[in-house]
1. Of the residues B:Y89, B:Y32, only one is under 15 Å from the mean Cα position of the chain (by Cα) and modelled with pLDDT under 95; which?
2. Restricting attention to the stretch B:55-79, and to residues there that are outside any strand (DSSP E or B) and either within 14 Å of chain A (Cβ to nearest Cβ) or at positive phi (or both), which single residue is surrounded by the fewest Cβ atoms within 10 Å (Cβ to Cβ)?
3. Any residue in the stretch A:1-28 that is more than 13 Å from chain B (Cβ to nearest Cβ) sitting within a Cβ distance under 9 Å of a residue that is surrounded by fewer than 16 Cβ atoms within 10 Å (Cβ to Cβ) and of a type in the set (D, E)? List the pairs, counting only those 6 or more apart or interchain.
4. Could you go through the stretch A:87-99 and let me know if any residue there is within 14 Å of chain B (Cβ to nearest Cβ), at pLDDT below 90 and within 18 Å of B:C91 (Cα to Cα).
5. With the requirement that a residue be surrounded by fewer than 17 Cβ atoms within 10 Å (Cβ to Cβ) and assigned to a loop (DSSP other than H, G, I, E, B), what does the stretch A:76-85 give you?
6. Looking only at the stretch A:29-56, which residues are in contact (Cβ under 8 Å) with a residue 12 or more places away in the chain and not in a strand (DSSP E or B)?
7. Counting only residues that are in a strand (DSSP E or B) and under 16 Å from B:G95 (Cα atoms), how many does the stretch B:12-46 have?
Amino acid sequence: DGGITQSPKYLFRKEGQNVTLSCEQNLNHDAMYWYRQDPGQGLRLIYYSQIVNDFQKGDIAEGYSVSREKKESFPLTVTSAQKNPTAFYLCASSMTGTSYEQYFGPGTRLTVT
Amino acid sequence: AQSVTQLGSHVSVSEGALVLLRCNYSSSVPPYLFWYVQYPNQGLQLLLKYTTGATLVKGINGFEAEFKKSETSFHLTKPSAHMSDAAEYFCAVSGFNAGNNRKLIWGLGTSLAVNP
């Protein structure tokens with residue numbers, strides 16, 4: 001089965017700790033994305049990557065970092081510099097050169113106390 | 001610049017009634033339009049999309065949407081609501097970012113409640 005996996009489903013951290021969220025896809029998609037979702041605010045783009053070893057900041061990149069060393073993987077690190085990290089994080093992927101619809105993973109709910 | 005407006009953050013219908021979720025967009029280029037559904041604590045699932053061709057598009061779970069260029073709208077409908085349709089629905093338009101790469105611009109979502 002092709003798809004996107006995110007792990008873990010729920011993550012708890014203490015304030016001041018960095019945490020890395022995993023995202024893996026076996027759809028052979030070129031592009032991958034990280035979104036943050038808060039109630040009533042829709043989806044906000046954190047980072048995206050169109051190709052291996054390259055990524056760009058989205059609308060709310062401050063306090064986050066990513067890497068794209070493999071086509072299949074796009075991990076997101078939430079650093080201690082992120083002022084309000086508690087949120088639902090969604091990873092997505094898409095093929096380039098098509099209609100660009102995105103396919104989503106199941107999400108990771110991060111709670112920082 | 002592209003933008004998406006979903007009218008009504010909360011919509012409530014009775015089971016068996018018509019579902020109508022409204023989406024208006026602005027785009028300086030021919031748009032690609034999408035509707036996604038999200039169930040609680042899950043990722044988003046593509047319901048349907050419009051790229052080119054027929055303006056009435058059919059999706060999964062009995063949903064359909066009509067692209068109306070003159071009205072810049074892409075409203076989502078379903079003739080008869082089921083309890084299982086209760087979810088959050090997002091409209092999106094495919095636009096371009098500063099690097100001239102395609103990206104999706106999202107509406108804020110509409111929460112659909114279905115009453116027995």
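1. Working: B:Y89 fails: modelled with pLDDT under 95.
Criteria check complete, one pass: B:Y32.
2. Let us first name the residues in the stretch B:55-79 that are outside any strand (DSSP E or B), namely B:55, B:59-63, B:69-72, B:79.
Narrowing the set further to residues that are either within 14 Å of chain A (Cβ to nearest Cβ) or at positive phi (or both) leaves B:59-62, B:72.
Values: B:G59: 17, B:I60: 10, B:N61: 13, B:G62: 14, B:T72: 15.
Only one residue fits best here, namely B:I60.
3. Matching pairs, first to second residue: A:N26/A:D1.
4. Going through the stretch A:87-99, the residues within 14 Å of chain B (Cβ to nearest Cβ) turn out to be A:87-99.
Imposing the further condition that a residue be at pLDDT below 90 reduces the set to A:95-99.
Still in the running and within 18 Å of B:C91 (Cα to Cα): A:99.
Yes, the stretch A:87-99 contains a residue that is within 14 Å of chain B (Cβ to nearest Cβ), at pLDDT below 90 and within 18 Å of B:C91 (Cα to Cα).
5. Filtering the stretch A:76-85 down to residues surrounded by fewer than 17 Cβ atoms within 10 Å (Cβ to Cβ) leaves A:77, A:79-81, A:83-84.
The answer is A:T79, A:S80, A:A81, A:K83, A:N84.
6. Let us first name the residues in the stretch A:29-56 that are in contact (Cβ under 8 Å) with a residue 12 or more places away in the chain, namely A:29-38, A:43-55.
Residues satisfying the conditions are A:H29, A:D30, A:D38, A:V52, A:N53.
7. From the stretch B:12-46, those in a strand (DSSP E or B) are B:12-14, B:19-26, B:32-38, B:44-46; that's our starting set.
Subset that is under 16 Å from B:G95 (Cα atoms): B:23-26, B:32-35.
The total comes to 8.
The values are calculated or read from the model by the stated rules, or taken from the named source; none is laboratory data. Values in this document were obtained by computation on a predicted structure and should not be read as measured data. Don't worry about glycine lacking a Cβ; one is built from the backbone with ideal geometry, like all the others, and counts go over all protein chains shown.
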